[in-house]
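One structure below.
No value in this document is a laboratory result; all are computed from the given coordinates. This is a predicted model, so every value here is computed, not measured. All Cβ positions, glycine included, derive from the backbone under ideal geometry; neighbour counts span all protein chains shown.
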Amino acid sequence: MSVFFRADTKYERSKMKRVCKVQRCEAAASGYGVYCPKHKANDRRHGAPTQKGITKSNLKPYREMVSQRVLKNAENPVWRKAEERWLTVVRLAEGVIGRFASGRPGFAWERRAAVEVVKLSQHVAAREIVETTLAVYLMQDLEPRRFCSERAFRTQLVRRVRGLAEVNSGKWLDPGSGKVRRVYDELPPKVTDAIAEWVVAALGGIGVYLAKLESEKARKEEQEAMELAEALEGVQ
């Protein structure tokens, strides 16, 4: 008769190594989670375990695209309406803070999100918020591989918008390189999700439409370049 040993005791289970869920990561998962400490921290900070942070430098060419579009359509009321929609988010946040101040129950993460939005509005012009948000949408459309998921996109959107305000960051001297580096005040995921929800609801539609225009422009330019190359081949 065959005898099978089942490692179903608490002691035996504790000896079984659980590997991080991220592909090709051999580190042990932390606690009862599915990611190792490194990928768990990255998931919390950037919206996905393998998501890389979008920097101001990364976003710069897309900010320039938005600025050019604004200049080209300077008289179009869409930019003013976009700013008004952002200010609607600010008023919503002020209402959340007011409800808490009056003693009405609510979620702590929602209040924190509201405080962050109001603080942002006090230090950054509405046009800056709008153009940065639209730039992130352009990046998502033209470089979709930059974002691991929709949640990662929304997290990076909030990080870049908050990065506009100096009050959300600090500086420290890296002893290794001797360079002064900037570190941002990290928000809990629920707070980030709440801010993203408000911003996407207010400006997402404009962002998607603008991204569509830029995609069409890029395809047209590519087609013209191909036609020119074909024409040049016939030159003798």
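Numbers below:
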read-out	value
Helix 108-123 axis, angle to the chain major axis (alpha carbon atoms, nearest 10°)	30
Cys with no candidate disulfide partner in the chain (beta-carbon separation under 4.7 Å rule)	Cys148
Euclidean distance between Cα centres, segment 98-124 to segment 38-70, Å	25
Note, ³J(HN,Hα) from phi for segment 191-207, Karplus 6.51, -1.76, 1.60, rounded to Hz, x at Gly and Pro	5, 4, 4, 5, 4, 4, 4, 5, 5, 4, 4, 7, 10, x, x, 5, x
Net length gained if the chain between Met226 and Gln122 were fully extended (0.36 nm per residue, minus Cα distance)	32.6 nm
FRET E, pair Lys190, Arg80, Förster distance 35 Å, beta-carbon r, rounded to 0.05	0.60
Residue with peak Gaussian network fluctuation, the chain [Cα springs, cutoff 10 Å], from Asp193, Asp141, Asp185	Asp185
Most positive-pole-ward Cα, Ser57, Thr192, Leu210, against dipole of the chain from beta carbon charges	Thr192
Surrounding net charge for Val34, when Lys and Arg each add one and Asp and Glu each subtract one, Cβ distance under 11 Å	+2
Helix axis angle, 126-142 relative to the chain longest principal axis, alpha carbon, degrees	70
Ala27 long-range amide H proximity, modeled H, under 5 Å	Cys20
Degrees, to the nearest 10: 37-46 long Cα axis against longest axis of the chain	30
The chain shape via C-alpha gyration tensor axes, a/c threshold 1.5	oblate
